[in-house]
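Please treat every number below as a calculation from the coordinates, not as lab data. These numbers come from a predicted model, not from an experiment.
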Amino acid sequence: MIEINLLPQELKAGTKPKSAQAPLASAEQIKKLLPIIAVVLGLLVCLQAALAVVNMLEASQLRVLNNKWGALEPQRKILEKFNQEYAILSGDAAVTGQLLKGRLLWAPKLYALSVNLPPGVWLNELSLNAASFRLQGSVVSPQGKEMSLINDFLDNLKKDTGFYGDFVKLELGSLQQRSAGTYKIEDFILSGTIKNEAGPGQK
């Protein structure tokens, strides 16, 4: 036999109204979500606090850097002035280098003078101009060989192509004898003429 229950759904035995079940389910879900919501809110608060701290630190570092930059301002100005002066000097040096390019180099010649200098001979003065040079020296010899030492010195200079190559002639000038205690000293002068193609003191 088929029975048909025509009672409303909410009055049927063993059933509960849906409207009563829904609030209970929602309340239980909210209770379950409360810890998660609290954790999320806590994280947001912590993140906001961390960002605030980072901003404060960055602002502090910026102030420190600005103070340091301000303290270094005098040194920076000095450095800029030095760089400007260095650039000017570098330009002048470049121009001077061009002007000096090919000039007669005296450093090797002075070295040649010292290498070819015999024992007992010393140099007192070197003067030069665009066309000539003049060398004053002295010699002493216990054996009385002053003239021999001077001639050896002159011959050695003429044989040294690194020294003599830029000169037309190199000759012995006046001699003057003087005494220093029991020794006789000969003062001599060597004079040389620079080649014309070298120009004013140039090769």
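Points to keep in mind about this one:
- Across all C-alpha atoms in the stretch 106-198, the radius of gyration and Dmax reach 13.5, 48 Å.
- Extension gain, D160 back to W69 (0.36 nm per residue minus Cα-Cα distance, nm): 26.6 nm
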